[in-house]
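J.: Please find one structure pasted underneath; my questions will follow.
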Amino acid sequence: MESEPQVKVESISKLFRRNMTSFASIFGFVLKIPSQDDFWVLDDVSFTLKSGDSLGILGTNGSGKSTLLKILSHITTPTKGTVEIRGKIGALIEIGAGFNPDLTGRENIFLYGAILGMSKKQIREKFEDIVEFSGLRHMLDTPAKFYSSGMYLRLGFSVTIHMDPDILIIDEALAVGDGAFQEQCFRKIEEFQKQGKITILVSHDMQMIENYTTKCLILSKGIITQEGPTQQSIKEYLYQLTHLDKT
Amino acid sequence: MIDLFKNIVTYRELLFTLSESYIKARYKQTILGGTWAVVPPLLLVFTAVAFIPNLSTRSPELLPYSLFVFVGFWFWAFFANALSFAIPNVAQNSPLLRKVYFPREILVLAAIVPSILDFLIGLPVLLFIMFLYQVPFHLSLLLLPFVFITELFLVFGLSCAGAIANVAFRDVSKFLPILLQILLFSSPVIYALSDMNPTYSFFIRWNPLTGIFDTARSFILPRYPFHMDEFFAAFIISILVAYLGYRLFKLGERVIVDIA
């Protein structure tokens, strides 16, 4: 890597439309004709991450966390604002994404690696490490449709981490892994952070956020309501949660 | 257009892997397997020769007539099969699009590859028919790839535009089969250009398929005339369609996940 990884998000907003089923509403949306059903999933979100940063994103369901991650990982684009990213992104947004249930574990490693833009040669070189890390050697020749969600996660995470990303984005997914595998993943993530790479973590597991991120932002209805060191943010977030419950 | 080639190079492995899986899926659990690539056009050739009045009695440049018809169906099959598979393919993969990023045009390209393979399987059949009718092998046969590449550009552009439109409105893939039938009748697949209704000559002239089929025939049939202007028009239009189709695709790609 010639330059250090960097993420620069500048006042991005993302427009969604509630009922996109009719011709008129889809057409209107594409042509950016305003409608009553429009709402901003993300509203003027900005932040910058530098080499070695680890960011936690906190927020209730529907606060825009996943949309933000999808914009960061190029899956979708912001309606307004710009995202500038230096470095290779490895994103684990949904478990089982990119796997073909009819293919075996072995074939799926190659398929998923290819989706991530790895060459066959690169995958072959890393194959042993991927299998070793996933702990799924005994399942390699079984079609993926017989895998449990934990096994999907193991395979997905192993391939993602072995593509050697500069920026690692993880959404919730790790929650389905068992304790031992989570432990193993976090050792790898720590290793990453020491190498000066960037991690972005979304989780409802406050322990996880506390242990593996140094700063956090809280999203509420698409707006960053708080940004700061992890411990302080967690306190604020938990306060917001209980406060919301009472109203 | 440059990012297209860059993406193809970076994601070549994905392109290969996807194409391979489509090819495998295509002939899975069939008895004829890869032979399916040539059976339909051959049956159509047989039907056309048997049931449609033989046009070559009036125009000897169409001889041998079976070869004339085969070339038409061979190039037509590539066009029709590629579009039928590539246009619905992006919308069908919308769950994948929502979870991982990769250049979405790879889905269009990978869906065209199996039809390219089918086309190549037709090549020995062509040579066999030529051998059967004792048609001399001219050096002009070596020019066929130019005709094919022209058609490939056309198919790519139309697939891109159709695929992205189909993401927003599935009507596109519903309408596609009938559109293909309309084109089958209105392009010189079974007929020669000279046999077609001159009232619609405007459409026939500007339909790039006309130039593609006609030029291919002129390279294969011993007496079929070659019209440079016709091929040139088809080539320019195809390149234009490819460019505009791809641009439209890239524009639509930005909202694909929001509306798929």
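The values are calculated or read from the model by the stated rules, or taken from the named source; none is laboratory data. Remember, it's a predicted structure, so these values are computed and weren't measured experimentally. Reconstructed Cβ throughout: ideal geometry from the backbone, glycine too, with neighbour counts over all protein chains shown.
J.: Going through the range B:33-63 one residue at a time, which ones are in a helix (DSSP H, G or I) and of a type in the set (S, T, N, Q)?
T.: Here is the first cut: in the range B:33-63, the residues in a helix (DSSP H, G or I) are B:33-37, B:39-51, B:55-57, B:60-62.
The answer is B:35, B:47, B:56, B:57.
J.: Another question, if that's okay. Kindly indicate which of A:56, A:98, A:90, A:62 is under 28 Å from residue A:148 (Cα atoms) and modelled with pLDDT of 90 or more. Can you show your working first?
T.: Details: A:98 fails: modelled with pLDDT of 90 or more; A:90 fails: modelled with pLDDT of 90 or more; A:62 fails: modelled with pLDDT of 90 or more.
Unique residue meeting the criteria: A:56.
J.: Mind telling me which of the residues B:90, B:49 ends up being modelled with pLDDT of 85 or more and among the β-branched types (Val, Ile, Thr)?
T.: B:90
J.: While we're here: Only residues that are aliphatic (A, V, I, L, M) and either at the interface with chain A (Cβ under 10 Å from one of its Cβ atoms) or in a helix (DSSP H, G or I) (or both): list them for the range B:1-32, please. So that I can check it myself, show each step before the final result.
T.: Of the range B:1-32, the ones aliphatic (A, V, I, L, M) are B:1-2, B:4, B:8-9, B:14-15, B:18, B:23, B:25, B:31-32.
Passing the criteria: B:2, B:4, B:8, B:9, B:14, B:15, B:18, B:23, B:25.
J.: Pick out, from the range B:182-253, the helices (runs of 4 or more DSSP H) lying fully within it that include 2 or more residues that are closer than 28 Å to residue B:167 by Cβ and modelled with pLDDT of 85 or more. Before the answer, list the steps.
T.: Working: elements: B:201-206, B:208-220, B:228-253.
Hits in the range B:182-253: B:208-220, B:228-253.
J.: Tell me which residues, restricted to the range A:23-61, are touching a strand residue (DSSP E or B) at 6+ places or on another chain (Cβ under 8 Å) and β-branched (Val, Ile, Thr).
T.: A:41, A:45, A:48, A:57, A:60
J.: Could you look through the range B:219-260, keep only residues that are of a type in the set (Val, Ile, Thr) and away from chain A (no Cβ under 14 Å), and pick out the one that is nearest to residue B:131 (Cα to Cα)?
T.: Here the residue is B:220.
J.: Next question. Report yes if some residue within the range A:40-52 is surrounded by 13 or more Cβ atoms within 10 Å (Cβ to Cβ), of a type outside the set (Gly, Ala, Ser) and within 11 Å of chain B (Cβ to nearest Cβ); otherwise report no.
T.: Yes, the range A:40-52 contains a residue that is surrounded by 13 or more Cβ atoms within 10 Å (Cβ to Cβ), of a type outside the set (Gly, Ala, Ser) and within 11 Å of chain B (Cβ to nearest Cβ).
J.: Only one of these is of a type in the set (Val, Ile, Thr), surrounded by 15 or more Cβ atoms within 10 Å (Cβ to Cβ) and farther than 26 Å from residue B:6 by Cα: A:75, A:95, A:109. Name it.
T.: Details: A:75 fails: farther than 26 Å from residue B:6 by Cα; A:109 fails: farther than 26 Å from residue B:6 by Cα.
Within the list A:75, A:95, A:109, the selection yields A:95.
J.: Take the residues in the range B:144-181 that are in a helix (DSSP H, G or I) and of a type in the set (Phe, Trp, Tyr); name whichever of them is nearest to residue A:19 (Cα to Cα).
T.: In the first step, residues of the range B:144-181 are kept if they are in a helix (DSSP H, G or I); the result is B:144-168, B:171-181.
From what's left, of a type in the set (Phe, Trp, Tyr): B:146, B:148, B:153, B:156, B:175.
Working: B:146: 47, B:148: 44, B:153: 37, B:156: 32, B:175: 25 Å.
So the residue we want is B:175.
J.: Within the range A:23-34, is even one residue under 22 Å from the mean Cα position of the chain (by Cα), surrounded by fewer than 18 Cβ atoms within 10 Å (Cβ to Cβ) and away from chain B (no Cβ under 13 Å)? Full working, then the answer.
T.: To start, the set of residues in the range A:23-34 that are under 22 Å from the mean Cα position of the chain (by Cα) comprises none.
Checked against the condition, which is being under 22 Å from the mean Cα position of the chain (by Cα), surrounded by fewer than 18 Cβ atoms within 10 Å (Cβ to Cβ) and away from chain B (no Cβ under 13 Å), the range A:23-34 yields no hits at all.
J.: Hey, could you check the range A:109-123 for residues that are of a type outside the set (A, V, I, L, M, F, W, C) and over 23 Å from residue A:189 (Cα atoms) and say which is farthest from the other protein chains (Cβ to nearest Cβ)?
T.: Quick first cut of the range A:109-123, residues of a type outside the set (A, V, I, L, M, F, W, C) only: A:112-113, A:117, A:119-122.
From what is left, the residues that are over 23 Å from residue A:189 (Cα atoms) are A:119-121.
Details: A:119: 5, A:120: 5, A:121: 9 Å.
Filtering the range A:109-123 for residues that are of a type outside the set (A, V, I, L, M, F, W, C) and over 23 Å from residue A:189 (Cα atoms), the one farthest from the other protein chains (Cβ to nearest Cβ) comes out as A:121.
J.: Scan the range B:99-106 and give yes if some residue there is in contact with a helix residue (DSSP H, G or I) (Cβ under 7 Å, 6 or more places away or on another chain) and among the hydroxyl-bearing types (Ser, Thr, Tyr), otherwise no.
T.: From the range B:99-106, those in contact with a helix residue (DSSP H, G or I) (Cβ under 7 Å, 6 or more places away or on another chain) are B:100, B:102-106; that's our starting set.
Add one more test, that the residue is among the hydroxyl-bearing types (Ser, Thr, Tyr), and what stays is none.
For the range B:99-106, residues in contact with a helix residue (DSSP H, G or I) (Cβ under 7 Å, 6 or more places away or on another chain) and among the hydroxyl-bearing types (Ser, Thr, Tyr): absent.
J.: Tally the residues that are of a type in the set (A, V, I, L, M, F, W, C) and facing another protein chain (nearest Cβ under 9 Å), restricting the search to the range B:84-105.
T.: So in the range B:84-105, the residues of a type in the set (A, V, I, L, M, F, W, C) come out as B:85-87, B:90-91, B:96-97, B:100, B:102.
In the following step, the residues that additionally are facing another protein chain (nearest Cβ under 9 Å) were identified as B:96-97, B:100, B:102.
The total comes to 4.
J.: Residue under question is residue A:71, and the condition is that it be out of contact with any Ser or Thr (no Cβ under 9 Å at 6 or more places or on another chain), under 28 Å from residue A:32 (Cβ atoms), among the β-branched types (Val, Ile, Thr) and within 11 Å of another protein chain (Cβ to nearest Cβ); does it hold? Can you show your working first?
T.: Working: out of contact with any Ser or Thr (no Cβ under 9 Å at 6 or more places or on another chain): no; under 28 Å from residue A:32 (Cβ atoms): yes; among the β-branched types (Val, Ile, Thr): yes; within 11 Å of another protein chain (Cβ to nearest Cβ): yes.
Judged against the criteria, residue A:71 is not a match.
J.: Suppose we filter A:204, A:138 for residues that are without any contact (Cβ under 8 Å) to a residue 24 or more places away in the chain and either out of contact with any Lys or Arg (no Cβ under 9 Å at 6 or more places or on another chain) or surrounded by fewer than 14 Cβ atoms within 10 Å (Cβ to Cβ) (or both); which single one remains?
T.: Details: A:204 fails: without any contact (Cβ under 8 Å) to a residue 24 or more places away in the chain.
That would be A:138, the only listed residue that is without any contact (Cβ under 8 Å) to a residue 24 or more places away in the chain and either out of contact with any Lys or Arg (no Cβ under 9 Å at 6 or more places or on another chain) or surrounded by fewer than 14 Cβ atoms within 10 Å (Cβ to Cβ) (or both).
J.: Suppose we keep only residues that are without any contact (Cβ under 8 Å) to a residue 60 or more places away in the chain and closer than 30 Å to residue B:225 by Cα within the range B:153-182. Which one would you say is surrounded by the most Cβ atoms within 10 Å (Cβ to Cβ)?
T.: B:179
J.: Identify, from the list A:25, A:35, A:11, the residue that is among the hydroxyl-bearing types (Ser, Thr, Tyr) and in a strand (DSSP E or B). Reasoning before the result, please.
T.: Values: A:25 fails: in a strand (DSSP E or B); A:35 fails: in a strand (DSSP E or B).
On inspection, the qualifying residue turns out to be A:11.
J.: Any residue in the range A:209-216 that is at pLDDT below 90, closer than 26 Å to residue A:98 by Cα, hydrophobic (A, V, I, L, M, F, W, C) and surrounded by 17 or more Cβ atoms within 10 Å (Cβ to Cβ)?
T.: Checking the range A:209-216: not a single residue is at pLDDT below 90, closer than 26 Å to residue A:98 by Cα, hydrophobic (A, V, I, L, M, F, W, C) and surrounded by 17 or more Cβ atoms within 10 Å (Cβ to Cβ).
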